[in-house]
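Enquirer: Sharing a structure here in structure tokens format.
No value in this document is a laboratory result; all are computed from the given coordinates. In this text, all values refer to a predicted model and were calculated from it rather than measured experimentally. Virtual Cβ from ideal backbone geometry, glycine too; neighbours counted across all protein chains shown.
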Amino acid sequence: MGSLSIWHWLIVLLIVVMVFGTKKLKNIGSDLGGAVKGFKDGMRDGSADDAAPVPPPSQVTNAAAAPDTSTIDVQAKQKS
């Protein structure tokens with residue numbers, strides 16, 4: 001009683017085809033296939049980058065010697 005038979009799945013498939021149409025389902029399938037292929041290519045390219053690790057950037061040892069000019073120093077004022 002709890003499991004679905006092949007007839008249940010065929011009815012569900014028929015309803016999905018009727019709602020979305022075969023052209024839309026074909027487009028969804030090709031988009032999904034392209035996404036999976038792109039993911040696999042990205043994983044393959046990512047493993048090649050791991051072979052030659054990039055050294056971490058050097059750290060500033062004296063903060064007074066190299067001030068950070070990208071920040072703005074402001075003071076908060078209270079509304080009166």
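Enquirer: Give me the one-decimal nm value for the distance between modelled label points at Ile15 and Ser3, 7 Å along each residue's Cα-to-Cβ direction.
Expert: 2.2 nm
Enquirer: Just subtract the alpha-carbon distance of Leu32 and Lys79 from 0.36 nm times their residue separation and send over the number in nm, one decimal.
Expert: Working: separation 47, 0.36 × 47 = 16.92 nm, distance 5.55 nm.
Taking 0.36 nm per residue and subtracting the Cα distance, the gain is 11.4 nm.
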